[in-house]
Each structure stands twice: as structure tokens, then as C-alpha cells.
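Notes for the one structure printed next.
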Amino acid sequence: MSTARLRFRAPLPLLFSPAPWAAFWYLFGSMFVGTLWFSISFTLLATGLALGLFWIGLPVLAAALATTRALAGAERRRIHTLGRPRIPSPYRPVSATGLRARLGQRGRDPATRRDVILLVVLWPALFVIDTVAVAFWLACFELMSLPVWYRYVPNTFDNGTKTHGVAFGYYPNGPYAGDHWGFFVHDLRSALVAAAVGLVLLVVAGNYLVVALARAHEAIARSLLGPALDPLAAARQMLIADPELSRP
């Protein structure tokens, strides 16, 4: 697999491609794994920084940085499961001696800061992105499956009437009384209409949304977890290839 696994296609080819499913499972897993990563990283870092003024806080902070690095490594492996190239280790070697000096060197490593940005700072925004995509995609399948289960949903309305079905809208006194709006799935015909709407939403919007947000999430994670890019790398390569360019 490569980036093509999350590649955009025409609506029908996309529907029968692995891209929506790969995107869904990546985002669905991120909702839970990301929350776990955030809880562990934030708790350890906050505790280590709070106790950092005392000697007892240094081992906690060391454990926090080591754990954060390990969790970032796990996230790199999750990205690789999408078929993307492996992300090389971005960390600088630690040459200092002594716990405090080694902690300072690790803390000044840009890769460490980028790990914290991804696992802690950006977690709320990424969680919202993942939840929106997963919820919308599953809602499409919920509509498509209504012909199977709508008849098993009981409803008791304000006027005491009872019926089975699924209401999309406002039905205080049921689908057969006045003062209501929306669409009530109460028979096979209305369930098939709802299923058709769900299929159309999946084809024209749901699949594209889940793939687009999975690509966005993966791109953000890859940019933060990989080695820092040198904005002058291209210029340096040109100077190496043609030293005459550097002469006045």
C-alpha cells in the first residue's frame, strides 16, 4: 500500500475501494489511542514539570520524556500501517552526562517539542476532526440499515399514543397527529427512502469526508513526527552541485 490507499477517486470507484475503510479505521483508532496517548503524556509531563524544581521531579520528568518519545514512536508505526513510508527517527543524539544535563538536552531537541505538540497540544483539535468524520460516516450506514431494524424501536408520545419507528424531526404526538415536522420511518417504504438517502450521502459526501480528514490527520502527524525539514536544503544542494553559483 502507498498513498494511493487513501487516494481520492470518482464516487463509485471510491465506494468500492479500500480507501474509506482504511481511513475509517485509522480515525476510529485515533479517537481512542490519541485519548490514551494524551492522558499518559499530559499527566507525566505536568507532574514532572511541577516537581521539576526538586530533585524528585527529575526522574519523573525523565520518565515523561521517555514515555512521550515511545508513544510518538507508536504513532509512527500506526502511520506506517497505512502503507506510508517509515518515518525515520528525528531525535538528536544525547551526549551530555548527568541526569539534569541529559534532560536539558532532550528538552531542547526540536523533535521532543514536536512530539508534545502532536500528543498533547493538538489532541483536542484532532479528536474533533476524527469524531466528526467517524460519526458522519457511521450515520450514513445507520440510514442504510434502517429497513432491518426500524420496526424494533418503540416510541411513546406526549398524547399517550405508541408506535414503532425512527423519527427524524419533531413529533411530540406521533406521526399521525398535527404539530410535527420531519421524516418518520414507520414502514418499509419510508425505511427504503431513508436507506437511499444514506447511500447517496455516503457516495457523495461520507466517503470523501472520511478520506479527506484521514489524509489531513496523517499529514499533520507525519509533519510533526518526522525529521525537521531544512528550508535551505534545495539551495545547498544546488551550491554543492555547482560551486560556481557561490562565487561573487
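Where a number appears in this text, it was derived from the coordinates with a stated rule and is not lab data. From a predicted model like this one, the values you see are computed outputs, not experimental measurements. Cβ coordinates were reconstructed from backbone atoms using ideal geometry, including for glycine residues, and neighbour counts include every protein chain displayed.
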Query raised in the report: If the label point is 7 Å along Cα→Cβ of Leu192, which residues in region 138-160 have backbone nitrogen under 18 Å from it?
Result: 143-151
Query raised in the report: Residue farthest toward the positive end of the dipole of the chain, with Cβ of Lys/Arg at +1 and Asp/Glu at -1: which of Gly178, Leu224, Ile87?
Result: Ile87
**Report entry** Relative contact order [Cα under 8 Å, 6+ residues apart], the chain, whole percent
**Finding:** 24 percent
Requested in this report: Can you tell me the order of 18-25, 170-177, 95-102 when each peptide is scored by its average per-residue count of other Cβ atoms within 10 angstrom, highest first?
Outcome: 18-25, 170-177, 95-102
Query raised in the report: For the chain, what is the mean residue ellipticity at 222 nm derived from helices alone (per DSSP H run of n ≥ 4: -39500 (n - 2.57); sum divided by total residues; nearest 500 deg cm²/dmol)?
Result: -19000 deg cm²/dmol
Report summary line: Candidates for volume of the Cα convex hull per residue in Å³ are [x] 126; [y] 113; [z] 224, and the calculated one carries label [z]
Requested in this report: Using the Cα centre as the reference, give the magnitude of the dipole from point charges on the C-beta atoms of region 1-144 (Lys, Arg: +1; Asp, Glu: -1; all else neutral), rounded to the nearest 20 debye.
Outcome: 660 debye
Query raised in the report: Between Tyr91 and Leu53, what is the FRET efficiency for a Förster distance of 30 Å, r being their Cβ-Cβ separation, to the nearest 0.05?
Result: 0.70
Report summary line: Expressed in angstrom and rounded, the centroid-to-centroid distance over alpha carbons for region 172-216 and region 1-57 is 29 Å
Report task. Treat every Asp and Glu Cβ in the chain as -1 and every Lys and Arg Cβ as +1, leave all other atoms uncharged, and give the resulting dipole magnitude about the Cα centre to the nearest 20 debye. Result -> 1040 debye
Query raised in the report: Cα gyration tensor of region 17-102, axes a ≥ b ≥ c as square roots of the eigenvalues: rounded (a/c below 1.5), prolate (a/b > b/c) or oblate?
Result: oblate
Query raised in the report: Which listed residue (Gly98, Leu44, Ala19) has the Cα farthest towards the positive end of the charge dipole for the chain, taking +1 on Lys and Arg C-beta and -1 on Asp and Glu C-beta about the Cα centre?
Result: Gly98
